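Chemist: The structure follows.
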Amino acid sequence: MYINGEWVEAGSGERFEVTNPATGAVIGEVADGDASDAERAIEAADAAFKTWAATTAYERSDLLHRAWMLMTERSSELANLMTTEQGKPLKASQAEVKYGADFLRWYAEEAKRVAGEWLPSARPDQRFLVVKQPVGVVAAITPWNYPISMLTRKMGPALAAGCTLVLKAAEATPLCARAIFGIFHDAGFPPGVVNLVTALDPKPIGEVFTTDERVRKLTFTGSTAVGKMLAGQAAGNLKRVSVELGGHAPFIVFPDADPVHAAKGAAALKFLNSGQACISPNRLYVHESGADAFHQTLTERISKVRAGNGMEDGVGVGPLVNDAAVAKVERQVDDAVAKGAGVPVGGGRLTEGDFAKGHFFAPTLVTGVTDDMTIYREETFGPVAPVITYDDVDTVIDRANDTNYGLAAYVYTQNISTAMRTFEGLRFGIIGINDVNPTSAAAPFGGMGDSGLGREGGHEGIAEYLEVKLGGFAI
Ligand code: ADP
């Protein structure tokens with residue numbers, strides 16, 4: 001772990017092993033921290049806060065910029081490590097390292113744009129000054145699916161704002177976290193400003209993060225169930241909370257869209273990270289007029305997606321994170337088939353030869369999906385594209401909104417009014433219009449409903465780490 005500027009073991013001396021999800025091989029070992037280690041890290045962050053908060057935005061910007069440069073210099077070793085530890089194809093790891101580094105560069109710039117306001121008063125002898133100040137010590141909990149960018153997306157804005165932080169990385173991907181903290185160390189961040197705790201059992205750490213008085217803010221990315229629980233605990237202690245949780249993204253193809261183009265977009269989007277993304281499309285609504293062409297193109301594309309070890313050239317889909325993830329996908333597909341769905345491609349686990357060592361599920365197309373199927377409501381987090389054919393254009397937005405989640409949605413249309421009406425009508429935080437990648441460090445990412453609270457990226461992302469302070473000056 002990295003606490004107060006030093007690499008340390010857990011107080012208990014315990015460690016745990018990290019494995020490659022494609023091969024099952026042990027690839028490293030990290031400290032197995034507990035509640036007392038989390039407290040030690042919070043103590044360091046708390047001690048460093050006053051001095052760090054008093055640095056100028058220019059100093060913080062320079063350090064973040066340096067971290068961005070180091071991350072860029074080390075991008076190929078980071079990408080190799082990510083594929084080995086998390087499983088995604090090497091090209092996807094390279095793209096994630098770049099996306100992750102962008103948050104450091106963007107917030108290095110944004111640090112200097114945190115401004116206040118000078119407000120007029122109704123009293124002639126009074127002036128109001130509004131300033132923004134860092135909230136204090138931030139506790140961050142991050143997931144395994146994007147094991148680098150989900151760290152920098154929190155660290156960039158928190159540090160730019162003048163907060164110090166303690167981060168608990170996901171137990172499946174602590175080596176990526178360690179590499180990122182190595183970069184912050186080498187960039188010259190002062191001791192205590194960033195601290196990393198690794199643990200096999202996240203629960204005791206979560207309890208400390210949500211109850212310790214010195215922590216002023218909790219930021220979490222992960223499942224809705226855990227996010228709700230942690231947000232509840234943290235809110236009970238009046239900590240500020242941002243949570244980025246699950247999703248169940250609709251992908252609507254209107255009759256005026258080119259169904260072949262839309263199917264190519266769907267294929268490119270669905271299999272990113274083996275479908276293990278909160279913005280992955282989980283309900284593809286295709287108008288009946290384009291359904292045949294859409295199915296045909298998607299079938300062709302999916303048949304060509306090669307599953308395997310992400311280190312191998314030409315592999316488009318890596319392993320899932322563990323066996324429980326494979327079992328969940330299998331259960332959803334079996335349920336859909338039992339209720340009448342078709343499976344023209346894929347449909348099951350991959351267990352032959354080298355696949356037996358990892359956690360693989362075949363890239364799959366499920367057609368004829370209906371709203372009584374589990375896959376229609378439950379997040380899949382796997383390489384399965386569920387397609388629904390619809391005929392009524394007037395009700396498709398309501399159908400797309402019929403979920404407790406509200407993270408991402410995708411729309412294909414060539415008609416400007418349809419695009420605008422759908423953009424306004426969909427109850428989701430991120431909407432791609434003829435676009436399968438509506439994300440950037442410069443843009444606010446986050447969801448509504450069960451998909452979370454708060455936004456990451458953009459101007460909104462740094463506001464999550466700032467308090468507003470009002471001064472009334474009598475002159
Ligand atoms: P996923 O299903 O994607 O693994 P989780 O919500 O279980 O999502 O994990 C996301 C992050 O939350 C990980 O860092 C994990 O260790 C952490 N986590 C899981 N359960 C708890 C808990 N009870 N308290 C604190 N953190 C937790």
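Chemist: Using Cα centres only, tell me the gap between segment 437-463 and segment 290-365 in whole Å.
Modeler: 30 Å
Chemist: Beyond 16 Å, what percent of the Cα pairs of segment 351-447 remain? Don't skip to the answer; put the middle values down first.
Modeler: Working: 3120 of 4656 pairs.
More than 16 Å apart: 67 percent of the Cα pairs in segment 351-447.
Chemist: Students often check this: by mean Cβ neighbours within 10 Å, which of 222-229, 24-31 ranks highest, and how do the rest follow?
Modeler: In descending order of packing, they fall as 222-229, 24-31.
Chemist: Still on this structure: If you fit an axis through the alpha-carbon atoms of helix 149-161 and take the longest principal axis of the Cα set of the chain, what angle between them do you get, 0 to 90°, nearest 10?
Modeler: Long axis of 149-161 versus the principal axis of the chain: about 30 degrees.
Chemist: Please give the FRET efficiency for Trp7 paired with Asp258, using the beta carbon to beta carbon distance and R0 = 41 Å, rounded to the nearest 0.05.
Modeler: Working from the Cβ atoms, E equals 0.15.
Chemist: Determine which residues of segment 102-130 fall in the zone a paramagnetic label at Ile475 would reach in this model, i.e. backbone nitrogen under 19 Å from the point 7 Å along Cα→Cβ.
Modeler: 116-130
Chemist: Write down, largest first, the equivalent ellipsoid semi-axes of segment 95-220 in whole Å, where each equals the square root of 5 times an eigenvalue of the alpha-carbon gyration tensor. Intermediate values should be presented prior to the final figure.
Modeler: Numbers: eigenvalues 206, 67, 28 Å².
Square roots of five times the eigenvalues give 32, 18, 12 Å.
Chemist: Of all the C-alpha pairs in segment 352-405, what % are more than 15 Å from each other?
Modeler: Looking at segment 352-405, the distances longer than 15 Å represent 60 percent of pairs.
Chemist: Could I ask something else about it? In whole Å, what is the distance between the alpha-carbon centres of segment 27-56 and segment 228-266?
Modeler: Segment 27-56 and segment 228-266 have Cα centres separated by 31 Å.
Chemist: I would also like to ask the following. In nm, what is the difference between 0.36 nm times the number of residues separating Asp371 and Asp323 and their Cα-Cα distance?
Modeler: Length gained between Asp371 and Asp323: 14.6 nm.
Chemist: Once the convex hull of the C-alpha atoms of the chain is built, how many Å³ does it hold per residue, rounded to a whole number?
Modeler: Cα convex hull per residue, to the nearest whole number: 149 Å³.
Chemist: Ordered by packing density, taken as the mean number of other Cβ atoms within 10 Å over each peptide's residues, highest first, how do 436-445, 75-84 rank?
Modeler: On the way: 436-445: 17.5, 75-84: 20.2.
So the peptides 436-445, 75-84, ranked by packing, come out 75-84, 436-445.
Chemist: Please state the relative contact order of the chain as a whole percent: Cα pairs under 8 Å, 6+ residues apart?
Modeler: Relative contact order of the chain: 19 percent.
Chemist: For the pairs Lys203/Lys357; Lys88/Lys304; Lys132/Lys239; Lys168/Lys239; Lys98/Lys304; Lys50/Lys168, flag any whose C-alpha to C-alpha distance is greater than 19 Å.
Modeler: Beyond 19 Å between Cα atoms: Lys203/Lys357; Lys98/Lys304; Lys50/Lys168.
Chemist: Nearest 20 debye, what's the magnitude of the dipole of the chain about its Cα centre given +1 on Lys and Arg Cβ and -1 on Asp and Glu Cβ? Write down the numbers at each step before the final one.
Modeler: Values: 43 positive and 58 negative charges, 214 e Å.
For this selection, approximately 1020 debye.
Chemist: I want the antiparallel fraction of DSSP beta bridges within the chain, as a percent rounded to 5.
Modeler: Beta bridges within the chain, antiparallel portion: roughly 40 percent.
Chemist: Give me a comma-separated list of calculated 3J(HN,Hα) values for segment 454-471, in order, Karplus coefficients 6.51, -1.76, 1.60 applied at θ = phi - 60°, integers in Hz, x for any Gly or Pro.
Modeler: Along segment 454-471, the couplings run x, 9, 10, x, x, 5, 4, x, 7, 4, 5, 10, 10, 9, 9, 10, 10, x Hz.
Chemist: Then there's this: What three numbers, in Å, describe the spread of the alpha carbons of segment 249-440 along their principal axes, ordered from the longest?
Modeler: 51, 35, 30
Chemist: Could you sort the peptides 230-241, 137-148, 312-323, 108-119 by per-residue average Cβ neighbour count (10 Å cutoff), highest mean leading?
Modeler: Packing proxy ranking, top to bottom: 137-148, 312-323, 230-241, 108-119.
Chemist: Identify the trypsin sites (Lys or Arg not before Pro) of segment 326-415 meeting these criteria: DSSP loop state and at most 12 other C-beta atoms within 10 Å of the C-beta. Write out the running numbers ahead of the final one.
Modeler: Numbers: sites: Lys328, Arg331, Lys339, Arg349, Lys357, Arg377, Arg399; in loops: Lys339, Arg377.
Passing both the DSSP loop test and the Cβ count: no residue.
Chemist: Taking a label point 7 Å from the Cα of Val130 along the Cα→Cβ vector, which residues of segment 424-464 have an amide N closer than 19 Å to it?
Modeler: The answer is 455, 459-464, whose backbone nitrogens lie closer than 19 Å to the label point.
Chemist: From the Cα gyration tensor of segment 164-204, with a ≥ b ≥ c the square roots of its eigenvalues, which class applies: rounded if a/c is under 1.5, or else prolate if a/b is larger than b/c, or else oblate?
Modeler: It is oblate, given that a/c is not under 1.5 and a/b is not larger than b/c.
Chemist: How tilted is helix 323-338 with respect to the longest principal axis of the chain? Cα atoms for both, answer in degrees (0 to 90, nearest 10).
Modeler: The answer is roughly 40 degrees.
Chemist: Using only the alpha-carbon atoms of segment 297-351, report the extent along each of the three principal axes, biggest first, to the nearest angstrom.
Modeler: 37, 30, 15
Chemist: If you don't mind, there's one more thing I want to ask. Compute the long axis of helix 224-236 from its Cα atoms, compare it with the longest principal axis of the Cα atoms of the chain, and write down the angle in degrees, 0 to 90, nearest 10.
Modeler: With rounding to tens, the tilt is 20 degrees.
Chemist: Could you list, in their original order, any pairs among Lys154/Lys217; Lys217/Lys270; Lys91/Lys328 whose Cα atoms are separated by more than 23 Å? Show your work: numbers first, answer last.
Modeler: On the way: Lys154/Lys217 12 Å; Lys217/Lys270 33 Å; Lys91/Lys328 26 Å.
Pairs exceeding 23 Å: Lys217/Lys270; Lys91/Lys328.
Chemist: Report, in deg cm²/dmol and to the nearest 500, the calculated mean residue ellipticity at 222 nm for the chain, where each DSSP H run with n ≥ 4 adds -39500 (n - 2.57) and the sum is divided by the residue count.
Modeler: The per-residue figure over the chain is -12000 deg cm²/dmol.
Chemist: Sticking with this one: Only counting other Cβ atoms within 10 Å, I'd like His248, His287, His261 sorted with the fewest neighbours first.
Modeler: Ordered from fewest to most neighbouring Cβ atoms within 10 Å, His248, His287, His261 come out as His261, His287, His248.
Chemist: Using Cβ contacts closer than 10 Å as the measure, can you line up His295, His459 from fewest to most?
Modeler: The fewest-first ordering by Cβ neighbours comes to His459, His295.
Read the figures in this text as sums done on the coordinates, not as results from a lab. These numbers come from a predicted model, not from an experiment. All Cβ positions, even for glycine, are placed from backbone atoms using ideal geometry, and neighbour counts span all protein chains on display.
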